Amino acid sequence: MGDVSRSETSTAGRDVGRGGGRVGERGAGRRGGILDAAAGVLLRYGFRKASVDEVARLAGISRQGLYQHFPTKDALFTATVEHLLARSVSVSRSALERPGAALGERIVAAFEAMAGETLASGLDELLDTAERLTGRSAAELEGAIVAEFTRALEATDADSPWRRHGDSAEAVAALLYATSGGLKRASSSVPAYLESLRRAVRFVCEA
């Protein structure tokens, strides 16, 4: 693999000089495609059963080519966990910033947008895997997502129900996120999860 890397570096240097970074853009696109494929495999099978060969197949790349981007299975799925978290932050932020929608609607929309990423029978295994691979606790890993909900709550009117009860935006955001996690584990499908979640959000936003 050392010879391949030197060859790629040399070729990349020539192509960047001629084309203004096309190789770097292609490399970033290929890496993103691999991570998308790995995310699907990880969520479907869990870490123990996840196959690097299956990731390569879905990404349309050879096993050797995949290992040029991620030298080990742990490296691949560590990056995949970070990719999933970044994607969850992005989709939740977009939903929470949706103009013209009530707070409760935006909160449910944000959790719904993330449901495809995290609603799985192996949710606990996924979190355990994330902690083991990254060396960070679940609270740390999910903190960026909770922060998005905190910002949305902080922007609400002074007479919001949770404010009247003397709660902080951060505490309410953490409660909503924990409630979502419990409902995911207890629900058999995304629609069932969302139905229960809407009831929970109403207690916070409409009480």
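A few remarks follow.
- For the pair residue 31 and residue 49, label points projected 7 Å from Cα toward Cβ lie 3.1 nm apart.
- Calculated FRET efficiency, residue 189 to residue 157, Cβ-Cβ distance, R0 = 30 Å: about 0.30 to the nearest 0.05.
- Computed from the C-alpha gyration tensor, the three semi-axes of the ellipsoid equivalent to segment 108-207 are 25, 17, 10 Å, from longest to shortest.
- Cα convex hull, segment 70-109: 48 Å³ per residue, rounded to a whole number.
- Under the Karplus curve 6.51 cos²θ - 1.76 cosθ + 1.60, θ = phi - 60°, whole-Hz ³J(HN,Hα) for segment 35-44, x wherever Gly or Pro sits: 5, 4, 5, 5, 4, x, 5, 5, 5, 7
- Once the mean of 1/r is taken over each pair of separate Cα atoms and inverted, segment 26-173 shows a Kirkwood hydrodynamic radius of 16.8 Å.
- Measuring between their Cα centroids, segment 37-76 and segment 138-174 lie 36 Å from each other.
- Percent accessible area from carbon and sulfur atoms, segment 145-207, protein chains only, probe 1.4 Å: 53
- Neighbours of residue 45 by Cβ distance under 14 Å: Lys/Arg scored +1, Asp/Glu scored -1, total +2.
- Net charge, residue 139 excluded, C-beta distance under 14 Å - Lys, Arg +1, Asp, Glu -1: -4
The values are calculated or read from the model by the stated rules, or taken from the named source; none is laboratory data. Remember, predicted model here, so these are calculated numbers, not experimental data. All Cβ positions, glycine included, derive from the backbone under ideal geometry; neighbour counts span all protein chains shown. When the accessible area is computed, the model is the full protein with side chains, heavy atoms only, and any ligands, DNA or RNA have been set aside. Shrake-Rupley method; radii C 1.70, N 1.55, O 1.52, S 1.80 Å.
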